[in-house]
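The structure appears right after this line, and notes come after that.
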Amino acid sequence: MSTLLSISNALLWVFMIFQFICFIMLAKLVANFLNRFRISNTSVAPVKLHVGVQAPLFRETDQNGQIVALSETEGKPTLLLFTDDSCSICKQLIPTLPTLKEHTDIRIIVIAHERKDAQIKDIPDGVHFLRSDQIIEDYLFPGAPAMILVDHKRYIISNEIVNSSHQLEVFLRHSLKSTNS
Amino acid sequence: MEIMVVFIRFLFSIMFLSSAISKLKKLEYHRIIIQEYKILPPSLVKIFSRFDVLGELVIGTLFLLGLFHKTASALAILLLSIYSVAILVNLLRGNRNISCGCGGVVGNHKLSWWLVLRNLALILIAVWLYNSESILGSLDAFLSGVPISGTFNTEFLFITLSTCTTFLIIQSVRLLFSLQQRITKLFLEY
């Protein structure tokens, strides 16, 4: 009888732990959801990283196995291009990035979600490609495709949704020009 | 008293392991935080950031297994003392607006005297752990010949379960509190 009581007691503890884990996961989900937006003039607006704030740091391995760290800027601005495997504009944008890099002296990092059925595979030379859900979460998922331009001191100088390679180039030139002036 | 030793040992283990894991996930960020303390020369920052995480992993694992109990307690006292001195120096310099870089279940907060007090309390508990003996859940005792019925028995199982539950209750309360703050902020914005 005492063994049976001990087993049922242990099972109750395990059940309680399981319930607490479920509760914490649910609460974290709600907290993440609530942190994604703010209320502005009685309407809901998404929360995004504003210009002038320090960009969250990261250190990840790129498509060539090379370690890429945001802090290692080499004195150049860094363009973070957020993409998604299901986004057709992103697939059109990526091949144009080497031309963009030729015209502007910047470091380019393309970021996408971690996926098993990855569709974005052909990454041009000189462009770092990172798959990291953590980076996307840290940058409050700015959208896809979206560009975040970070200066050499790690401050965000631009955070925009882009719809074409031309728009990306315009945003980039404008941001770099306003920073230099 | 033996039950209390195992209970505290597990809580210390969770604290150090969760802190080490959160630092490992964001090692670059952790390195910058250590740099912001402005205590170590730049050449030593990278080495210390790795040594610190490794130390926490070792302490957490030793406490969890009940192995080299005194060594783990001594290392915990040493590491917590280093953190406290670093915080104290920056508080005296007036450099409060940086993250403590504590990580894990203890969270990340701006430097304050409260952190020094908290660390002092943790050091005192670690000193008490150093001076206490426990056979329950101790791999040291098991390896030195104490039978399994005396080390990893039903009592040990229930202490493990109750420690897990206590930890989860603390985490739930913290999460609920932050949720309440966020919802209040949204209401205020509305």
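Every number in this text was worked out from the coordinates using simple rules, so none of it is lab data. Computed from a predicted model, the values in this text were never measured in an experiment. Don't worry about glycine lacking a Cβ; one is built from the backbone with ideal geometry, like all the others, and counts go over all protein chains shown.
Per-residue Cβ neighbour counts within 10 Å put B:W114, A:W13, B:W128 in the sequence B:W114, B:W128, A:W13, beginning with the fewest.
From least to most packed, judged by other beta carbons within 10 angstrom and beginning with the fewest, B:V58, A:V47 follow the order A:V47, B:V58. Of the candidates A:I111, A:I156, A:I21, which one comes out as most mobile in a Gaussian network treatment of chain A with C-alpha springs shorter than 10 Å? Largest GNM mean-square fluctuation: A:I21. Eigenvalues of the alpha-carbon gyration tensor of the stretch B:12-71, scaled by 5 and square-rooted, set the equivalent ellipsoid semi-axes at 24, 12, 8 angstrom, largest first.
With helices as the sole contributors, the protein assembly as shown gives -19500 deg cm²/dmol at 222 nm; each DSSP H run of n ≥ 4 counts as -39500 (n - 2.57), and the sum is divided by every residue. How many angstrom lie between the C-alpha centres of the stretch A:21-98 and the stretch B:31-54? Here the two parts' Cα centres lie 26 Å apart.
When you restrict to C-alpha pairs under 8 Å that are six or more residues apart and normalise by the size of the stretch A:1-159, the relative contact order lands at 27 percent. Expressed in Å, the radius of gyration and Dmax of the Cα atoms of the stretch B:99-190 are 19.5, 66. Taking amide H positions as modeled 1.01 Å from N, with prolines and chain starts lacking one, the residues under 5 Å from A:V110 and 5 or more places away or on another chain are A:L81, A:H128, A:F129, A:L130. Cross-link check: pairs A:K48/A:K116; A:K91/A:K116; A:K28/B:K46; A:K28/B:K23; A:K153/B:K46; B:K25/B:K46 evaluated at a Cα-Cα cut-off of 23 Å; pairs beyond the cut-off: A:K48/A:K116; A:K28/B:K46. Among B:H109, B:H30, B:H69, the largest mean-square fluctuation in a Gaussian network model of chain B (Cα springs under 10 Å) belongs to B:H109. Residues whose amide H falls under 5 Å from that of A:L70, counting only those 5 or more places apart or on a different chain, are A:F58, with hydrogens built in the peptide plane.
Per-residue shielding of B:56-68, expressed as the average number of other chain Cβ atoms within 10 Å of the residue Cβ, stands at 0. For the stretch A:24-31, putting each phi into the Karplus relation 6.51 cos²θ - 1.76 cosθ + 1.60 with θ = phi - 60° gives couplings of 5, 4, 5, 5, 5, 4, 5, 4 Hz, in residue order, rounded to whole numbers and with x for Gly and Pro.
For chain A, a Gaussian network of Cα nodes joined below 10 Å ranks A:V170, A:V51, A:V14 by mean-square fluctuation, and the top entry is A:V14. Here chain A is treated as an ellipsoid with the same Cα gyration tensor; its semi-axes, largest first and in whole Å, are 41, 20, 16. Placing unit charges on the Cβ atoms only, positive for Lys and Arg and negative for Asp and Glu, gives the protein assembly as shown a dipole magnitude near 860 debye about its Cα centre.
Across the protein assembly as shown, the fraction of Cα-Cα pairs farther apart than 33 Å, rounded to a whole number, is 45%. Legend: mean number of C-beta atoms from other chains within 10 angstrom of residue C-beta atoms, peptide A:10-23, equals 3. Skipping prolines and chain starts, which residues have an amide H placed within reach, meaning under 5 Å, of the one on A:S158, given they are 5 or more residues away or on another chain? Sorted by chain and number, the residues that satisfy this are A:L149.
Taken over chain B, the convex hull of the Cα atoms encloses 133 Å³ per residue. Here the residues A:R131, A:R173, ranked from fewest to most Cβ neighbours within 10 Å of their Cβ, fall in the order A:R173, A:R131. A viscosity of 1.567 mPa s and a temperature of 4 °C, combined with the Kirkwood radius over C-alpha pairs in the Stokes-Einstein formula, give the stretch A:65-144 a diffusion coefficient of 98 µm²/s. Judged by a Cβ-Cβ distance under 4.7 Å, the unpaired cysteines of chain A are A:C22. Take the stretch A:1-74, drop everything but the C-alpha atoms, weight them equally and run the Debye formula without solvent; then report log10 I(q)/I(0) at 0.23, 0.26, 0.28 Å⁻¹ to two decimals. Each listed q corresponds, in turn, to -1.03, -1.09, -1.15.
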